[in-house]
Amino acid sequence: MTSLSRADLARAERFVWLNARVLDRHRFALHFRGGPPGPLLAALRPYATPDGGYGHALEPDLRGPAAQPAAAQHALDVLHEAGADDDPAVTRVADFLTTITRPDGGVPFVLPTAPDDPHAPWWTTGDDPPSALNPTATLAGMLHRAGSTHPWLAPATDYCWTHLERDRRHAPYDVLAALTFLDHVPDRDRATAALDRNADAFRAPDGPGDHHRPLDLAPTPDGLGRRLFDDATIDADLDALAAEQHDDGGWTFPWPAWTPAVRPEWRGLLTIERLRTLRAYGRLQE
């Protein structure tokens, strides 16, 4: 069994200080050095947009100032990590989502404003993009996690149930979105039944993807995604994840770095996520 030592954590910390965004430096301090949440919340505010959403490259592959659903996901995660699920920003995100929701209750993967700004080539859409399980299910799950009762949430939840109970094939990022939804939606019996019904499709998503290793679907041992894999599979992936720490202390990502700025930003963000997963499974000495 491979674990990270205190020296490995120190190397990761140095990598974060040398490379990561201010936002992710405060995330590291909060999670691994007992730092306060206030500086993290302050670092999040400059990414906010006047319409209640988030932009300004909070999602590193969308470099423009316009709000996008993917950036809202990052913001809700940061707010949750900081213990700020009751922050007014959560309601503002839901208000923003209301303005971009399609008639079926879902929101698009990306908005038509993306092509106007620098963006990764895979963030493309037409003038009237349809709703998509990714990101609707992620956003709905995160708002359920926050205890939100915003009016946006009920039709979005119905949209997610419709797709999970009808579809039998899911793209890799749809699986991640679905698991976030199922982890936090209040109807636990229905969530468990949906996981069981979709388990095979979740383990073998339809099409290529960057995030479909076991620990991407089961980043903590208490999520529903953990039920998709046996102990040996998870232990082997934990060994591999620990071994993937680079000599500079950080982890990297498998998708293209389409512009130089995204490499340190993504690596800083993912280094913290990898450390959190290893800690959650008892593979990090502190």
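The values are calculated or read from the model by the stated rules, or taken from the named source; none is laboratory data. Note that the structure is predicted; figures quoted are calculated from it, not measured. Using ideal geometry, Cβ is built from the backbone for each residue, glycine included, and neighbour counts are taken over all protein chains shown.
A few notes on this one:
- Scanning region 236-283 for residues being within 18 Å of the chain's Cα centre (by Cα) and of a type in the set (Asp, Glu) gives a total of 2.
- Just one of the listed residues (227, 169) is free of Cβ contacts under 8 Å to residues at least 40 places away in the same chain and over 30 Å from residue 3 (Cβ atoms), namely 169.
Listed here are the residues, each with its yes/no results for (1) under 25 Å from residue 158 (Cβ atoms); (2) of a type in the set (S, T, N, Q); (3) out of contact with any Pro (no Cβ under 9 Å at 6 or more places or on another chain).
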residue	(1), (2), (3)
21	no, no, no
42	no, no, yes
62	no, no, no
91	yes, yes, yes
97	yes, no, no
105	yes, no, no
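- Test for residue 14: is it farther than 29 Å from residue 164 by Cβ, in a helix (DSSP H, G or I), in contact with a Gly (Cβ under 9 Å, 6 or more places away or on another chain) and basic (Lys, Arg): yes
- For residue 192, the conditions (1) more than 26 Å from residue 60 (Cα to Cα); (2) loosely packed, with under 13 Cβ neighbours inside 10 Å are fulfilled apart from (2).
Every residue, every condition in (1) part of a helix (DSSP H, G or I); (2) modelled with pLDDT of 95 or more, yes or no:
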{"residue": "201", "(1), (2)": "yes, no"}
{"residue": "235", "(1), (2)": "yes, yes"}
{"residue": "247", "(1), (2)": "no, yes"}
{"residue": "251", "(1), (2)": "no, yes"}
{"residue": "254", "(1), (2)": "no, no"}
{"residue": "259", "(1), (2)": "no, yes"}
{"residue": "274", "(1), (2)": "yes, yes"}
{"residue": "278", "(1), (2)": "yes, yes"}
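- Selected residue (criterion: farthest from residue 57 (Cα to Cα)) from residues of region 243-267 that are out of contact with any Lys or Arg (no Cβ under 6 Å at 6 or more places or on another chain) and small (Gly, Ala, Ser): 243
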